[in-house]
Amino acid sequence: MANVRVDMLRIRKADNTVLAATHGRGLFSTSWDLNKTNSRVDFCLSEELKVYPNPTNGWFEVNTTILENSVLSIFDANGRILLEEYLQTGSINRSFNLSAQPKGTYFIRMQSENDILATKILLR
């Protein structure tokens, strides 16, 4: 897919197919076999996981309250995990740096036994 604006993004959960409708370049799709990968992009975004500034040039902060032990993961749009950190119960306010990564959209997911919080950040 060329570097082009995406006007619509849909996922069909039955077979994990993602469809991207672009502005002037047509439709693109791909599928993920979740049994063969060790991560997945969760498109259910949460306002409980605060990230700022967003968009960012590299440095950003993550702020949320953790109710139980969780794993915070940062990964790219291909599902490649860039960072994984285990967190204890309580509030967090942590800084992260993605300035060594290419510009684009990245995903931040915090997963516990009972809940998944996710958000995205734009690196420009």
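Candidates Asp76, Asp115: the one that is touching an Asp or Glu at 6+ places or on another chain (Cβ under 9 Å) and either in contact (Cβ under 8 Å) with a residue 24 or more places away in the chain or more than 28 Å from Ala20 (Cα to Cα) (or both) is Asp115. Candidates in the stretch 60-100 are the residues that are crowded, with 17+ Cβ neighbours inside 10 Å and among the aromatic types (Phe, Trp, Tyr); of these, the one that is nearest to Asp115 (Cα to Cα) is Phe75.
Evaluating Leu82 against the criteria (1) farther than 28 Å from Ala2 by Cβ; (2) in a strand (DSSP E or B) leaves one unmet condition, (1).
Every number here is computed from the coordinates shown, using simple stated rules; none is lab data. As the structure is a prediction and not an experimental result, all values here were calculated from the model. When we count neighbours, we look across all protein chains shown, and the Cβ atoms used for this are built from the backbone with ideal geometry, even at glycine.
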